[in-house]
Amino acid sequence: MKKFTDLSEREILSLAIASEDEDNCVYRLFAEDLRDRYPDTAAMFETVAGTERSHKEKLLDLYRARFGQTVLPLRKADVVSFVRRPPIWLTRNLSLHAIRHEAEAREAETARFYEAAAAKVKDPQARALLMMLARDEKGHEALAAELERAVSVSPAGTAEIEAEKRRFILQYVQPGLAGLMDGSVSTLAPLFAAAFATRDNGQTFLVGLAASLGAGVSMGFAEALSDDGRISGRGSPVARGAVCGVLTAAGGLGHSLPYLVPDSTPNAFMTATAIASAIVFVELWIIAYVRSRYMDTPFLKAALQIVLGGAIVLATGVIIGAS
């Protein structure tokens with residue numbers, strides 16, 4: 001790989017041509033991905049892609065006039081000065097925020113490249129073109145940022161934001177909340193039953209670990225197999241299953257981990273149980289908040305449902321274990 005400072009003028013122009021060609025393709029892919037979901041944003045990316053294509057043509061005309069028809073096969077990956085970013089444009093159904101962030105990052109990087117290139121080249125015509133392109137790229141960067149602000153106040157933009165919010169809730173919040181509720185509540189009875197039946201922290205932790213991981217696997221598969229997301233709009237079943245499974249396991253492990261307190265510790269059982277009970281209290285209030293924040297459930301109603309239900313399940317485990 002070469003350093004930017006070691007590039008010749010021919011290599012700089014070749015790299016600029018390749019960069020504009022790549023940006024044109026990426027923005028057309030973004031527009032294609034967004035066309036059905038967010039047509040206004042897709043149209044913006046189509047316009048920017050057309051501008052990148054015109055930049056490439058201007059660079060090609062200058063290159064051919066100076067160096068002939070053969071453009072060097074130089075890409076950003078061949079130069080150490082460029083940031084290595086994952087190719088997110090190969091992913092479908094990206095969020096608007098992710099796409100706009102990528103566009104801003106690309107335009108900012110390209111503008112800095114043209115500024116540095118203009119300072120390095122000696123040919124006046126090449127320098128003038130590169131400076132002009134740097135100004136254009138900065139304009140695109142500002143356009144992407146302005147779109148982020150303007151989209152929130154326009155009717156079309158409001159619709160896009162609401163659609164994005166619904167997609168986020170369907171794909172992540174709902175399966176995550178279902179997993180957290182199941183993991184936090186369903187593991188209470190077996191964990192506290194084992195705790196009060198054995199009064200052995202080590203054995204209680206193993207029961208909690210088994211219940212949490214088992215519930216995580218079960219809920220993850222159940223969510224992933226519930227539907228493929230094509231009709232419901234709930235997105236990738238793998239992603240939903242992973243979110244649901246991980247949060248299910250996390251919900252159970254949260255109040256199981258305190259039973260790692262060694263039995264040799266004074267009042268080990270009561271200490272672990274007190275910590276676990278406090279964690280349960282926090283978990284249930286977090287669930288109530290998420291239900292209130294994303295599921296349009298009044299907070300007091302959500303708190304009453306979750307906390308009361310959790311308390312009943314916990315008491316059931318204690319009564320069974322102590323009997």
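The values are calculated or read from the model by the stated rules, or taken from the named source; none is laboratory data. Treat the numbers as computed from the prediction; the structure is a model and nothing was measured. Ideal geometry is used to build each Cβ from the backbone, glycine not excepted, and the neighbour counts take in all protein chains shown. Just so you know, the surface numbers come from the protein's heavy atoms only, side chains and all, with ligands and any DNA or RNA stripped out. Shrake-Rupley method; radii C 1.70, N 1.55, O 1.52, S 1.80 Å.
List of remarks:
- When Rg and Dmax of the Cα atoms in Å is computed from the coordinates, the matching label among (1) 27.1, 113; (2) 28.3, 92; (3) 22.6, 77 is (2).
- Cβ-Cβ FRET estimate between Val282 and Asp200, R0 fixed at 25 Å, reported to 0.05: 0.50
- Label sites at Asn267 and Leu170, each approximated as a point 7 angstrom past Cα along Cα to Cβ, lie 5.2 nm apart.
- In the chain, the portion of solvent-accessible area held by carbon and sulfur atoms comes to 64 percent [1.4 Å probe, whole percent, DNA, RNA and ligands not counted].
- Lys pairs under 26 Å by Cα in the chain, provided they are eight or more residues apart or on distinct chains: 26
- Over the chain, accessible surface divided per residue gives 50 Å², non-protein components excluded, 1.4 Å probe.
- For the chain: relative contact order, % (alpha-carbon pairs under 8 angstrom, 6 or more apart): 15
- Extension gain, Val238-Arg37: 0.36 nm per intervening residue step, less the Cα-Cα distance, totals 70.2 nm.
- With the helix formula -39500 (n - 2.57) applied to DSSP H stretches of n ≥ 4, the chain reaches a computed 222 nm mean residue ellipticity of -26000 deg cm²/dmol.
- Degrees, to the nearest 10: 299-322 long Cα axis against longest axis of the chain: 50
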